[in-house]
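Following: one structure in structure tokens, then a few remarks.
The values are calculated or read from the model by the stated rules, or taken from the named source; none is laboratory data. Note that the structure is a prediction, hence the values are computed from the model and not measured. As a convention, Cβ positions derive from the backbone with ideal geometry for all residues, glycine included, and neighbour counts pool all protein chains shown.
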Amino acid sequence: MVSDQREHYKSELAAVCAISKLFGMSPETLRTWVRRAQVDGGTRPGLSTDERARLKQLEREVKDLGRANAILQDAPIFFATALDGETKR
């Protein structure tokens, strides 16, 4: 709606402020939605919603793999200690 009505206002900010009043919301909320739609539509640089979700998923996977790696590194010490009855660290 902001992009459709943009031509009737001096600036995009003026359009956002006027339209946000119609919907009873904060201009900042609407401005954020407009920016996100522009990025998702490819008219503004930045990470799209899908790319941002994929990045978060990959960050979670890296964190989980780091935990698994730490467990696997400690496993030989744990089993050696269990077999010998001594602490190897």
Original post:
loosely packed, with under 12 Cβ neighbours inside 10 Å and within 14 Å of Met1 (Cα to Cα), is that true of Leu72?
Top reply: no
Subject >> Glu51 vs. criteria under 30 Å from Ala14 (Cβ atoms) and among the acidic types (Asp, Glu) >> reply: no
**OP:** Inspect segment 46-55 for any residue being surrounded by fewer than 10 Cβ atoms within 10 Å (Cβ to Cβ) and either out of contact with any helix residue (DSSP H, G or I) (no Cβ under 9 Å at 6 or more places or on another chain) or not in a helix (DSSP H, G or I) (or both) and give the result as yes or no.
**Re:** no
Original post:
What is the one condition in (1) modelled with pLDDT under 95; (2) part of a helix (DSSP H, G or I) that Thr87 does not satisfy?
Top reply: (2)
Original post:
Here are Glu59, Glu28: which of them is under 27 Å from Ala15 (Cα atoms) and modelled with pLDDT of 95 or more?
Top reply: Glu28
